[in-house]
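The values are calculated or read from the model by the stated rules, or taken from the named source; none is laboratory data. It should be emphasised that the depicted structure is a prediction, and the values quoted were computed from it without experimental measurement. FYI the Cβ positions are ideal-geometry reconstructions off the backbone, even for glycines, and counts take in every protein chain you see. Calculation scope for accessible area: heavy atoms of the full protein, side chains included, ligands and nucleic acids excluded. Shrake-Rupley method; radii C 1.70, N 1.55, O 1.52, S 1.80 Å.
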Amino acid sequence: MPESRCLQGIWSSPWIFIFAASGSAVGLGNIWKFPYLIGENGGGAFLVIYCACLLLVGLPILMAEVALGRTVRSNPIDTINDLSERRVISSFWVVVPWIAGLAGFLILTFYSVIAGWSIAYFERAVSGKLVGITQVQATGMFNHLLASPGEMLLWHSIFMALVVLTVGQSVTRGLAALVRILLPVLIVVMVLLAGYSLKTGDAADAIHFLFRWSWQDVSFDVVLAAVGHALFSLSIGMGAMFAYGAYMSKRMSIARACSAVVTVDLVVSLLACLVIFPLAFAFHINLDSGPSLAFVSLPIIFGNLPAGQLVGGFFFLLLVIAALTSSISMLELFVAWLHEKFYIARFKAALLLGGAAWFIGIAVLLSFNHWDVKVLFDLNLFELLDKLTSLIMLPVGAILLSVLVAWFIPKTMLQNEMITRQTSHFRLWYNTLKYISIPALVVITLAGWIGV
Ligand code: PHE
């Protein structure tokens with residue numbers, strides 16, 4: 001294990017972990033997926049359940065994943081192998097990082113396609129195609145993109161090439177510096193856009209929808225969707241945060257760092273809703289229109305905004321970069337492992353995995369047009385991969401990783417980590433993880449699967 005410490009180095013400042021982890025967390029999940037999930041699941045009730053999931057399940061499990069990574073300072077696969085060889089844990093656990101890594105890889109296959117849409121809209125925004133766009137035109141433009149596999153392939157390929165190039169470099173370089181600038185800028189731009197949208201759109205209906213509570217909207221499906229998205233949005237359950245934890249400075253309190261990441265993630269998701277919903281209400285855009293919601297509402301905003309060409313282009317550029325910093329973490333687990341274990345150059349490893357994800361991505365993008373067939377459970381390939389990863393693989397990965405931390409890793413090993421500054425806080429975290437987060441996640445996941 002110590003040699004990997006030398007191989008990768010530690011984040012040069014404790015803050016860099018927060019930026020890198022936020023870079024992984026903040027992405028299409030916040031701006032593209034969260035608004036349509038809220039739209040599909042009835043608004044306020046979903047939001048409240050989602051916040052509860054973030055606090056009671058997401059945060060404790062995020063801390064567990066980061067703590068494990070920092071304790072062992074290695075990649076998840078070698079760590080678990082090593083712990084099982086030393087008989088600290090049984091050899092069963094060896095499968096866990098593989099499930100986790102596979103989840104990240106599968107997410108990348110469709111994430112890259114959606115990130116490709118963002119590049120497409122960047123192009124449309126800067127070339128002035130959104131100027132003065134109406135709701136009908138915006139819907140038509142999006143449908144046209146969906147019906148053009150050739151164009152989608154181009155953008156998907158460009159995005160994947162960017163991912164491979166970035167992951168090919170060492171993670172500690174470049175990435176964190178990029179996020180440090182990107183995140184504050186993204187938040188400022190979103191606050192301004194939210195202000196504009198609230199002023200010109202239907203603010204009252206949007207706020208009412210976002211914060212109304214109705215018991216009718218609560219079901220296990222909704223709770224499962226909320227918890228699945230909390231894991232997706234925080235990038236947990238697939239080893240990315242484990243890998244980032246391995247680079248984290250020992251001086252930093254894990255509780256503080258992770259709370260900051262959760263807060264930033266939630267703020268960006270809420271801002272995305274405040275940008276999209278007022279306009280969606282004003283233009284009668286169907287809130288449960290699914291993946292198209294953001295890509296129909298946002299162009300209308302930019303099309304009618306003074307200097308919308310510039311602001312829209314800039315916004316989509318930020319979205320692409322946010323998607324990039326998330327995608328990097330999806331490949332990080334396997335790339336770091338291939339590099340550290342087999343001395344395969346990072347670039348080669350990234351090319352191999354990115355190439356495979358790109359190839360599957362072609363089938364995903366075809367599932368929006370020529371190949372929109374139900375492959376399993378009445379879902380097409382995109383829907384299947386989305387649900388399989390968010391509702392099955394991430395929860396299973398998160399449950400197994402946190403069970404490992406809570407029940408199998410010696411408590412003293414964790415206590416020596418500076419997980420929290422105070423011992424009483426350590427106990428609070430440890431007990432919440434053991435007796436609330438894990439049981440809740442198990443029950444919600446199982447109940448959601450069997451459709452209670
Ligand atoms: N959290 C990212 C987002 O919200 C997606 C992601 C999922 C990244 C899983 C890494 C791992 O866009």
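Residue 98 contributes an accessible area of around 110 Å² to the protein surface, as traced by a 1.4 Å probe with all chains present.
So what's the net charge close to residue 138: Lys and Arg +1, Asp and Glu -1, counting the other residues with Cβ under 14 Å from its Cβ?
+2
The Stokes-Einstein estimate for the chain, based on a Kirkwood radius over Cα pairs and taken at 10 °C with 1.306 mPa s viscosity, is a diffusion coefficient of 72 µm²/s.
Highest mean packing first, where packing is the average number of other Cβ atoms within 10 Å per residue, the peptides 285-292, 393-400 line up as 393-400, 285-292.
Axis angle, to the nearest 10 degrees, between helix 149-168 and the longest C-alpha principal axis of the chain: 30 degrees. Per-residue accessible area (protein heavy atoms, 1.4 Å probe) orders 417, 85 as 85, 417, starting from the largest.
Among 237-246, 221-230, 434-443, 311-320, how do they line up from the highest to the lowest mean number of other beta-carbon atoms within 10 Å? Please list the in-between numbers first.
Values: 237-246: 30.0, 221-230: 24.3, 434-443: 17.5, 311-320: 21.4.
The peptides rank, most packed first, as 237-246, 221-230, 311-320, 434-443.
Once the Cα atoms are used to define both axes, helix 135-146 deviates from the longest principal axis of the chain by about 50 degrees. Over the chain, what percent of the accessible surface lies on carbon and sulfur atoms, probe 1.4 Å? The computed percentage sits at 69.
Only lysine pairs 8 or more places apart, or on different chains, with alpha-carbon atoms under 26 angstrom apart are counted in the chain, and they number 10. Can you give me the angle between helix 44-53 and the longest principal axis of the chain, using Cα atoms only, in degrees from 0 to 90, rounded to the nearest 10? On a 0 to 90 degree scale, this one is about 20. Looking at the chain, the accessible area is 38 square angstrom per residue; that uses a 1.4 Å probe and ignores ligands, DNA and RNA.
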